[in-house]
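Have a look at the structure below, then the notes.
Bear in mind that the values in this text are calculations on the coordinates, not laboratory data. Just so it is clear, the model here is predicted, and its values are computed rather than measured. No Cβ is skipped: glycine too gets one built from the backbone with ideal geometry, and neighbour counts run over all protein chains shown.
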């Protein structure tokens, strides 16, 4: 594999982190509530939120280009570094404090990626699977996400954030696997 897919994946992570940070900044001023449908209309008029939407679109384009040139098992783990980019962007754009625990978490992510790349075999595998394998895998994903969602919504805010974040990550991975054959 050439460096191009990895570079495209890293550009995608920067765009995804920028989008998330801009969306957070756009909602920090108040006036946005998940229970109020008019909040979405206010966001559609917010230039910072719209800039985040552009960054997200660019991220998806970079991810698609990376998936077109590289293997899912190599590209998707690289997208985890979105979290690392979000730390300095959150500090710069929203004034968030970056703690030593967060820095330690970022270092663990980097160590995990290094171990995965060094000892795993992300370049092996098959390029296509039979339909029956897809059906089983998607059924398992649906069940796992449903259980995580139900448990998360009945838990403390910290557990809820972690559970819903896990659901989002799982579904993001599924979307990438389904995006690969399309691009």
Return the single residue from 19, 101, 86 with maximal mean-square fluctuation; model: Gaussian network over the chain, springs between Cα atoms under 10 Å.
101
Take every Cα pair under 8 Å in the chain that's 6+ residues apart, average their separations, divide by the length, and report that relative contact order as a whole percent.
26
Value at 222 nm in deg cm²/dmol, rounded to 500, when DSSP H runs of n ≥ 4 in the chain each add -39,500 (n - 2.57):
-26500 deg cm²/dmol
One finds, for residue 170 and residue 42 with R0 = 30 angstrom and r their Cβ-Cβ distance, a FRET efficiency to the nearest 0.05 of 0.50
The chain: angle of helix 100-119 to the longest principal axis, Cα-based, in degrees nearest 10:
10
For residue 4 and residue 50, FRET efficiency with R0 = 30 Å and r from the beta-carbon atoms, rounded to 0.05?
0.50
Helix 82-94: inclination vs the chain longest Cα principal axis, degrees, rounded to 10, gives 20
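Can you pull a Stokes-Einstein diffusion coefficient for segment 108-183 at 25 °C (0.890 mPa s), Rh from Kirkwood over Cα pairs, as a whole number of µm²/s? Walk me through the numbers on the way to the answer.
Details: Rh = 14.7 Å.
Roughly 167 µm²/s, to the nearest whole number.
Of all the Cα-Cα pairs you can form in segment 79-150, what percent are over 14 Å apart?
75
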How far is helix 131-153 tilted off the main Cα axis of the chain, in degrees rounded to 10, range 0 to 90?
30
Give the peptides 2-8, 47-53 in descending order of average Cβ contacts within 10 Å, highest first.
47-53, 2-8
Estimated distance in nm for a label pair at residue 97 and residue 111, the labels positioned 7 Å out from Cα along Cα-to-Cβ:
2.5
Show me 145-151, 10-16, 134-140 ranked by packing, highest mean number of other Cβ atoms within 10 Å first.
10-16, 145-151, 134-140
Which one of 67, 89, 107 has the biggest mean-square fluctuation once the chain is modelled by GNM with Cα springs under 10 Å?
107
How large is the convex hull of the Cα atoms of the chain per residue, expressed in Å³ as a whole number?
149
Once the Cα atoms of segment 2-65 are picked out, what are the Rg and Dmax in Å?
14.1, 47
